[in-house]
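Bear in mind that the values in this text are calculations on the coordinates, not laboratory data. It should be emphasised that the depicted structure is a prediction, and the values quoted were computed from it without experimental measurement. Cβ sites come from the backbone with ideal geometry, for glycine too, and all protein chains shown count toward neighbours.
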Amino acid sequence: MSLQQWRLLALEAPRALGDPGATGILRATPEDFVVEEDLGFAPDGDGAHLLLKVRKRNANTGWVAQELARGLGCHVRDIGFAGLKDRRAVAIQWFSVPLTPRALEAAAGFVNPEFAVLEVHRHRRKLPRGALAGNAFTLRIRDYSGSPAALRERCAAILRSGVPNYFGPQRFGREASNLVRLAEARPGRPESFVLSAARSLIFNAVVGQRVRDGSWGTLEVGDVANLDGRGSVFSVDELSADLPQRLERLEVHPTGPMWGSGELMSRGPVRALEERIGLELPGACRYVVDAGLRQERRSVRLKVRDLTAEPDAEGVLLRFWLRSGSFATAVLREILSDQVDADDA
């Protein structure tokens with residue numbers, strides 16, 4: 001399979017709700033893309049660390065961590081954060097730093113042109129990657145070409161059915177550069193970003209096929225399912241009487257493979273589909289297996305919470321909440337046929 005075919009599988013997968021028939025411009029300014037982390041827990045109030053709530057604008061998360069380490073007198077490896085956030089955006093996210101007299105004194109008044117410390121709390125542990133319930137998004141679409149009525153209908157459909165849980169373009173690098181590196185990779189020298197791109201490519205290809213055949217929001221015997229918002233999964237050995245209602249309420253979802261060594265958990269036609277995709281992407285599968293990663297699962301369907309769309313003087317304002325690990329682009333691609341991201345212009 002060619003690199004161009006990989007790009008199509010990764011970035012041009014089918015939409016669940018069909019072509020939205022609307023276009024718009026994203027991120028004309030950083031303030032057009034606002035994301036706020038929801039930790040899902042409260043700071044402990046005591047302990048050997050500080051939790052800092054930081055508002056950054058047009059800045060990389062890693063760079064903010066470096067600046068905090070320099071200003072508060074610790075090593076950057078001691079800075080904790082739950083996840084990376086877009087650079088061209090306004091992001092409100094949490095960082096942890098070791099508690100020292102210098103950090104305690106300097107954190108609240110920390111000054112930097114690109115970010116500000118909004119809150120400081122004592123906490124017992126370093127903030128690990130992934131320690132996050134979800135993210136709240138406020139996005140402005142400028143020059144939106146669709147009708148308000150059609151947009152309202154689209155949002156209602158997304159709230160009812162969810163969206164395919166595709167990995168976003170960030171996983172594949174600028175201009176799909178991580179896929180290029182995957183195509184050129186040599187055995188025995190795995191790179192973390194390339195590993196993520198390989199797994200995401202396989203997963204998106206499976207989800208895309210399930211969207212095409214209409215099974216992305218259904219379960220059959222042989223599927224592997226998970227409860228919404230939970231990391232654990234279970235095999236579907238029989239179709240219980242209440243399963244259709246639970247699927248309709250978006251309480252349970254089918255999953256797809258995060259490729260690795262070992263046997264697929266799925267069975268029957270579902271496993272046959274996943275094995276076929278694996279055979280079509282042997283280089284990506286081999287790269288992941290050689291790196292020692294094990295088979296895991298990820299939800300095929302993404303529940304979108306609190307989705308609203310309101311016209312304003314500068315375009316359309318979208319608001320929604322997503323579980324940690326999911327991508328706002330999965331929602332946007334069901335709303336816009338062609339989204340011009342000013343960050344890529």
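General remarks:
- The charge dipole of the chain, taken about its Cα centre with unit charges on the Cβ atoms of Lys, Arg (+1), Asp and Glu (-1) only, comes to about 760 debye.
- Most positive-pole-ward Cα, 279, 241, 95, against dipole of the chain from beta carbon charges: 95
- The residue 230 and residue 112 beta-carbon pair, evaluated with R₀ = 30 Å, returns a calculated FRET efficiency of approximately 0.20.
- Calculated from backbone phi, Karplus (6.51, -1.76, 1.60) coupling profile of segment 85-90 in Hz, x at Gly/Pro: 10, 4, 6, 7, 5, 9
- Near residue 236, once Lys and Arg are set to +1 and Asp and Glu to -1 for all other residues with Cβ below 11 Å from its Cβ, the sum equals -3.
- Under the convention that each Lys and Arg Cβ holds +1 and each Asp and Glu Cβ holds -1, the size of the dipole of segment 182-339 around its Cα centre is about 420 debye.
- Positive-pole candidate from 322, 196, 68, dipole of the chain, charges at beta carbon: 68
- Approximating the spin labels as points 7 Å out from Cα along Cα→Cβ, the residue 221-to-residue 4 distance works out to 4.4 nm.
- Under the simplified labelling scheme, the residue 138-residue 105 pair shows an inter-label distance of 3.6 nm, with each label point 7 Å from Cα along Cα→Cβ.
- Bridgeable lysines around residue 53 (alpha carbons under 20 Å apart, same-chain partners fewer than 8 residues away excluded): 85, 126.
- Segment 161-168 - phi-based ³J(HN,Hα) in whole Hz, Karplus 6.51/-1.76/1.60, Gly and Pro as x: 10, x, 9, x, 8, 5, 6, x
- Each DSSP beta bridge with both residues in the chain is either parallel or antiparallel, and the antiparallel ones are about 85%.
- Cα centroids of segment 122-145 and segment 26-100: 10 Å apart.
- Per residue of the chain, the DSSP helices (runs of n ≥ 4 H) give a summed -39500 (n - 2.57) that works out to -9000 deg cm²/dmol at 222 nm.
- Equivalent ellipsoid of segment 41-123: semi-axes from √(5λ) of the C-alpha gyration tensor, largest first, are 19, 14, 11 Å.
- Projected label points at residue 60 and residue 119, each 7 Å from Cα along the beta carbon direction, are separated by 2.9 nanometres.
- With R₀ set to 22 Å, the beta-carbon distance separating residue 149 from residue 245 gives a calculated FRET efficiency near 0.15.
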